[in-house]
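Heads up, the thing below is written out as structure tokens.
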Amino acid sequence: GIQKKRDKRSLSNPKTKKAKTTAAGSQNNLDESSQLEHVQQLAQQLLSSAAYSNNLHHLLTYITPSSPPSVVVDSVLSLQSFFHVNIHDLPASSNAAAATAANSDTSDPDFIYKTWLRSKFDDLVKSLLDIAVSPLSDQLARIESGFIPVGEIVLATLMEFVKLGNGKKFYSALYHKLIQTIIYSSLDAEFVLETLASKYFKYVDVRYFTYITVEKLCKTLESNSSSGGKAGIKDKDDSKASLECSIKKIHFILSHIPPLGNVDESNAIEMLSAGATWASVPAVLACSLFYLSSCLKSLSAMFLVNDVPLSSVSKKMKLKFTKAWMSFLRLPLPLDVYKEVLVNLHQEVIPYLSNPVMLCDFLTRSYDIGGVVSVMALSGLFILMTKYGLEYPNFYEKLYALLIPSIFMAKHRAKFFELLDSCLKSPLLPAYLAAAFTKKLSRLSLTVPPSGALETGEDIKDGDKKSEQERVNSDGNASVDSDVAGGKQGVDLFNNEESDPLRSKAMRSSLWEIDTLRHHYCPPVSRFVLSLENDLTVRAKTAEVMIGDFSSGSYATIFREEMRRRVKQVPLAKKAPQTSLFSESHFPGWSFNYDGSKINEEVKS
């Protein structure tokens, strides 16, 4: 039947015979233009009649990472056009076809042909996945209207198969294979990931199956990392580098999926697989580079919007979102990924979790690490405590331990001092804690840069306003304990080295540092400290200042502000120029007369 007709036409057409005999042996020796001409000839024959189905094999030989970009693009579009028409008639998988063949009559030519087509489709998918994670993916292919990356065509073809390969339902098995190949690749695959995020993460079903795939892959990576103890040193290093590369790709995917909460309830949502149709392209001309631009326009318009109520998928989406992120956070995250996750966790993850308290173990473990990691974990932990009722008994003790000079140089100090300001404004804060934080900040303000002294000033205000009867006295008179009452200097009982606020004895101390800051060498600091002279218990006299206005300051910002200030009074008196480093009044009884003649005589002699 079909095979005999195909053989007869192949023999009667000398061009087809020549294409078959030279494809395997001489295609590597042809230049790019000859390969393009050969690919177009094979594609025209394939799309014109099923008798030329053997051209599938020859076109597949051109889809390799070592082929020229234009040849790869032309071959991919040709096979895409062919399988777009025949993909609905193929068996579900090669294994399903083999099982069917074992239980039925295998002499049916139509069944044999479709099984063979299925094997070629699988070969095409494998070749496309290999190119997607190869350096060829970033290269540009020349078309009539300009250039286009190879990876964009490859990804569009794969996503079309995902859309249509399962009876116009989402082909989750193929999509899982695509994400798995990208994550397990030794290359960054940056272009493919960015294209996937920008063009396909807007579809809700793509997000849904992405979360499912990421959860499965994270569990696999977690089990592999925990069972890799018997490898050699070199294998361990390679395995660690590969694991870190995979984790960074997973983090890129999760952080670039837009949350479903950003969609209005009254709006419809878009889905990739919803019975959409692909704009028809002339079969014979679809493979030509001359018509490639029109093909790409069709590719961009092949997805249609499907009206699905948001309420029907919101709950399931939130559950998959939670499982994916919790599986990811159990992995051994590299330090740079760890920090980036902590910085964005309170904005991009916590609001969309089904149960945000599930993050308490991760955040408390991060907060206990200390240093800059604790500063970054503070935002998420504070939200869980204030909005979701998380109890953390040692929260303020650990927050107190973070008040060290290096915190004023940290990259995320602005967010830290904003949260510290919020904590000190809490009406449930005990007086001893308010006193301890106020005293600690005032002591730090003596040694930190001027911008840090401005930051601590606002926090000192908030801590000093907690309780009138127990608060420390800013002028240093009422609360200073003295060794002897007969005019001797007082003793500050505050222990600056104590990590426990309760034992720091801040309640028995005073803010004598404030008086020192009144004479600070930086004018903005001394002016700001003067505001503390107001009665801090009267809100009308104490204006609220946003801590964010000071937390990002530096020497440069302070200098610019001073240069912009208009000085009302300018000193006009001139002072006589100084002729010596020290005046005679500094050394009574001494004279500093310089006699240069004696030195000149000694030099001449």
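The values are calculated or read from the model by the stated rules, or taken from the named source; none is laboratory data. As the structure is a computational prediction, the values presented were derived from the model and not from experiment. Don't worry about glycine lacking a Cβ; one is built from the backbone with ideal geometry, like all the others, and counts go over all protein chains shown. What goes into the accessible areas is simple: the full protein's heavy atoms, side chains included, and nothing from ligands, DNA or RNA. Shrake-Rupley method; radii C 1.70, N 1.55, O 1.52, S 1.80 Å.
The candidates MET507, MET563, MET271, MET376, arranged from most to least accessible area with a 1.4 Å probe in the full protein assembly, appear as MET563, MET507, MET271, MET376. Accessible-area rank, largest first, for ARG142, ARG207, ARG413: ARG142, ARG413, ARG207, with all protein chains present and a 1.4 angstrom probe.
For ILE369, the solvent-accessible surface with a 1.4 Å probe is about 100 Å², rounded to the nearest 10. For the stretch 383-424, the Cβ-based charge dipole about the Cα centre amounts to some 200 debye (Lys, Arg positive; Asp, Glu negative; other atoms uncharged). Derived scalar couplings between HN and Hα for the stretch 184-199 equal 7, 5, 6, 8, 6, 6, 5, 5, 5, 5, 5, 5, 4, 5, 6, 10 Hz in order, rounded to whole Hz, by the Karplus curve 6.51 cos²θ - 1.76 cosθ + 1.60 (θ = phi - 60°), x for Gly and Pro.
With a cut-off of 12 Å on the backbone N, the residues of the stretch 359-393 near the modelled label site 7 Å out from LYS411 along Cα-Cβ are 372-373, 376. Of ILE179, ILE112, the order by accessible heavy-atom surface (1.4 Å probe, DNA, RNA and ligands excluded), from most exposed downward, is ILE112, ILE179. Highest mean packing comes first when the peptides 492-502, 58-68, 319-329 are listed by Cβ atoms within 10 Å, giving 319-329, 58-68, 492-502. Taking the stretch 160-178 and a reference point 7 angstrom along Cα→Cβ of ASP108, no backbone N atom is nearer than 18 Å. For LEU530 and SER354 in one chain, what is 0.36 nm times their gap in residues minus the Cα-Cα distance, to one decimal in nm? Here the answer is 58.5 nm.
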